[in-house]
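Each remark here refers to the structure printed beneath this line.
The values are calculated or read from the model by the stated rules, or taken from the named source; none is laboratory data. No experiment lies behind these values; they were computed from the predicted model shown. Every residue, glycine among them, receives a Cβ derived from its backbone with ideal geometry; neighbour counts consider all protein chains shown.
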Amino acid sequence: MSGEPASERRGLLLVISSPSGAGKTSLARRLTADHQGLELSVSSTTRAPRPGERDGREYRFIEPAEFERLAREGAFLEQAEVHEHRYGTPRAPVMAALAEGRDVLFDIDWQGARAIAQRLRGDTVRVFVLPPSMTQLAGRLHSRAQDAEDVIARRLGRAKGEIARWEDYDYVILNDDFETAYAQLEAIYRAERLKRVRNPWIGALAKMLIEESPST
């Protein structure tokens, strides 16, 4: 966003949640690819990589003992157990990004979203992504062929409980058409980035304009 003094910006934490298969990861990847000033928070997890995933890109894949050590040391901004695996957001890079005026996107579940909002309420914007139907959600989980049938069944069994958390969020998007859903997500990000409270440099500029005598 040209024209904004970077040193006077406060970073934004954009949190995206959805049931597994509703499309939050695809939306998150597209948004970070399209916006240079937005970086994806890479969580640590105890689950094994899925086909095509790479350590340090989608997640940092660590052993349970290492996760427990980091948790004891307070290294996570938030942590939760999801589908029998533990996930945690590293604290240090997020706090550094906020202070330096960089924006961070989180692809996490409702538990993590709630924890981040409680700790950093003024900096956090939460977006929930809904699937068009449970039938389509099941179809997406099967078509991506990343999980065994019993894992898919557990994910579907928990989806309604996750959807029930939609009222916790600032915005809700229906991912019936990807391009439409993405346009809505991008509009949310742009609008939140432009909020007065996240751009304190505006105050000095407004004062200067008020005091300035226009030349004729």
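A few remarks follow.
- Residues in the stretch 78-98 that are in contact (Cβ under 8 Å) with a residue 60 or more places away in the chain and either closer than 10 Å to residue 43 by Cα or part of a helix (DSSP H, G or I) (or both): 94, 97, 98.
- Residue check, residue 56 without any contact (Cβ under 8 Å) to a residue 60 or more places away in the chain and touching a strand residue (DSSP E or B) at 6+ places or on another chain (Cβ under 6 Å): no
- Residues located in the stretch 91-113, provided they are under 29 Å from residue 157 (Cα atoms) and touching a Lys or Arg at 6+ places or on another chain (Cβ under 8 Å): 107, 110, 113
- Taking every residue in the stretch 15-43 that is farther than 15 Å from residue 173 by Cβ and surrounded by 16 or more Cβ atoms within 10 Å (Cβ to Cβ) and pairing it with any residue that is aromatic (Phe, Trp, Tyr) and at pLDDT below 90, at least 6 positions away or on another chain, the pairs with Cβ-Cβ distances below 6 Å are 43/59.
- Among (1) out of contact with any Lys or Arg (no Cβ under 8 Å at 6 or more places or on another chain); (2) assigned to a loop (DSSP other than H, G, I, E, B), the one test that residue 10 misses: (1)
- Reported count of residues in the stretch 115-146, each being in a helix (DSSP H, G or I) and either loosely packed, with under 13 Cβ neighbours inside 10 Å or over 14 Å from the mean Cα position of the chain (by Cα) (or both), is 14.
- The stretch 169-210, residues that are basic (Lys, Arg) and touching a residue at least 60 places away in the same chain (Cβ under 8 Å): 193, 198
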